[in-house]
1. Normalising by the residue count of the chain, find the relative contact order in percent from Cα pairs under 8 Å and 6+ residues apart.
2. How high is the FRET efficiency between residue 37 and residue 78 when r is their beta carbon distance and R₀ equals 30 Å, given to the nearest 0.05?
3. Sort all Cα-Cα distances of the range 130-207 into consecutive 5 angstrom bins from zero, then give the percent of pairs in each bin up to the one containing the longest distance.
4. How much FRET efficiency would the formula 1/(1 + (r/R0)^6) give for residue 4 and residue 28, where r is the Cβ-Cβ distance and R0 is 45 Å, rounded to 0.05?
5. For the chain, give the share of DSSP beta bridges that are antiparallel, in percent and rounded to the nearest 5; count only bridges with both residues there.
């Protein structure tokens, strides 16, 4: 049986150095006038979850979607990480980084979920994780998780400082800068050493 989350799935913004650097000039603008001090989270609601191998419908009014390849930490007991799963956070392209609008992040099917969780003890150090994102077989992005702003332990601790994380909850570790765009008709594949591949096909939604 394919893995599916048993709790709430939280996305994390600004957790890669290049992403933070690219958006840094905007952070001094009103209303915040400073970079965020705590992790910036958003929820990928259950209607967004798509198993590996399934088709993801792209609305006709959305010509392209942003493809956020990542790996997610699955929470276990007592604040420990139970394991890791590749995920693909799709969204409608948008500029907001402090409060991502739900209408752009939580469309039906807009979270590809890897077919299996690799236990934390087998996955090794998350700083050594890497992944390759391919669209229609062409490599469009490579991500090294050594470039995270907060490592996994710090990310979990910083989130738990202001909210509870329950066993089964999921934290996406973040998406790097330069997220590629894809459109209906294209096949999206995430390949990460030590993990089962995540593959979804984008299709046009019925009119």
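Every number here is computed from the coordinates shown, using simple stated rules; none is lab data. Quick caveat: nothing in here was measured; it's all calculated off a predicted structure. Virtual Cβ from ideal backbone geometry, glycine too; neighbours counted across all protein chains shown.
1. Working: 472 pairs, mean separation 70.3, N = 207.
It comes to 34 percent, rounded to a whole number.
2. Values: r = 26 Å, r/R0 = 0.86.
After rounding to 0.05, the efficiency reads 0.70.
3. Spelled out per bin, shortest first, that is 3, 12, 18, 19, 16, 14, 10, 6, 1.
4. Details: r = 41 Å, r/R0 = 0.90.
Step by step, r from the Cβ atoms, then E = 0.65.
5. Numbers: 39 of 48 bridges.
Percent antiparallel among DSSP bridges in the chain is about 80.
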